[in-house]
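Asker: The structure is given below, and queries will be raised subsequently.
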Amino acid sequence: MDPLFQIEGACLTVTLGPEVDHPVSDEIRRKSDRILEERYIKTMVFDFQDTNFMDSSGIGLLMGRYRALGMRSGCIRAINVNAHVEKLLHLSGIHKYIEISRQE
């Protein structure tokens with residue numbers, strides 16, 4: 001499944017596929033950079049509902065989006081995060097910068 005991008009107001013939601021690895025992270029980075037240039041986005045939401053695997057490039061992606069929105073005083077949210085991805089986010093320390101909500 002390719003990442004799905006939805007814009008509602010000043011919020012960009014990226015629905016992620018089963019794996020967030022280097023090629024997927026690069027694609028999301030390119031597309032989100034283009035959207036950030038064209039639109040005023042203050043909040044980015046990454047939906048991890050279907051994600052089973054994420055490597056360090058996924059952490060880099062989230063940090064890069066955090067920096068990109070920093071100039072706008074924006075925020076990053078990770079929603080529907082499973083236990084594996086949540087552990088990775090906490091080990092990396094990124095949980096200090098983004099909002100994380102667990103999968104129910």
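Asker: Neighbour counts of other C-beta atoms within 10 Å: give me Leu16, Leu89, Leu69, Leu4 arranged from fewest to most.
Answerer: By the 10 Å Cβ count, ascending: Leu4, Leu69, Leu89, Leu16.
Asker: On a 0 to 90 degree scale, rounded to 10, what angle separates helix 56-70 from the longest Cα axis of the chain?
Answerer: So the helix axis and the longest Cα principal axis differ by about 30 degrees.
Asker: Additional query: For the Cα atoms of the chain, what angle does the longest principal axis make with the long axis of helix 22-38, in degrees from 0 to 90, nearest 10?
Answerer: Orientation of helix 22-38: about 20 degrees from the principal axis.
Asker: Please give the charge dipole size of the chain, origin at the Cα centre, charges +1 on K and R Cβ atoms and -1 on D and E Cβ atoms. Round to the nearest 20 debye.
Answerer: My answer is approximately 520 debye.
Asker: Amide H of Met54: which non-local residues (sequence gap of 5 or more, or other chain) have their own amide H closer than 5 Å, using H built in the peptide plane?
Answerer: Val20
Asker: Between the stretch 40-79 and the stretch 4-33, how far is it from one alpha carbon centroid to the other, in angstrom?
Answerer: 8 Å
Asker: If you don't mind, there's one more thing I want to ask. What number, in percent, do you get for the relative contact order of the stretch 4-102 if the mean sequence gap of Cα pairs under 8 Å and at least 6 apart is divided by its residue count?
Answerer: Details: 161 pairs, mean separation 27.8, N = 99.
Answer for the stretch 4-102 is 28 percent.
Asker: Taking amide H positions as placed in the peptide plane 1.01 Å from N, state which residues far from Val45 in sequence (5 or more) or on other chains have amide H under 5 Å from it.
Answerer: It is Leu12, Thr13, Val14, Arg77, by chain and number.
Asker: Related question: If one takes the longest principal axis of the Cα atoms in the chain, at what angle in degrees, from 0 to 90 and to the nearest 10, does the Cα axis of helix 83-92 lie?
Answerer: Between helix and principal axis, roughly 70 degrees.
Asker: Turning to a different aspect of this structure: Just from its helices, what would the mean residue ellipticity at 222 nm be for the chain, if runs of 4 or more DSSP H residues each count -39500 (n - 2.57) and the sum is divided by every residue, rounded to the nearest 500 deg cm²/dmol?
Answerer: The helix contribution divided over the chain gives -13000 deg cm²/dmol.
Asker: Oh, and also: For the stretch 38-98, which chymotrypsin sites (Phe, Trp or Tyr not before Pro) pass both filters: DSSP loop (anything but H, G, I, E, B) and at most 12 other C-beta atoms within 10 Å?
Answerer: Tyr40
Asker: How many Å³ per residue does the convex hull of the Cα positions in the chain occupy?
Answerer: Dividing the Cα hull volume of the chain by its residue count gives 86 Å³.
A short reminder: the numbers here are calculations on the coordinates, not readings from a lab. Please read these numbers as outputs of a predicted model, since none were measured by experiment. Cβ atoms come from the backbone with ideal geometry, glycine included; neighbour counts cover every protein chain shown.
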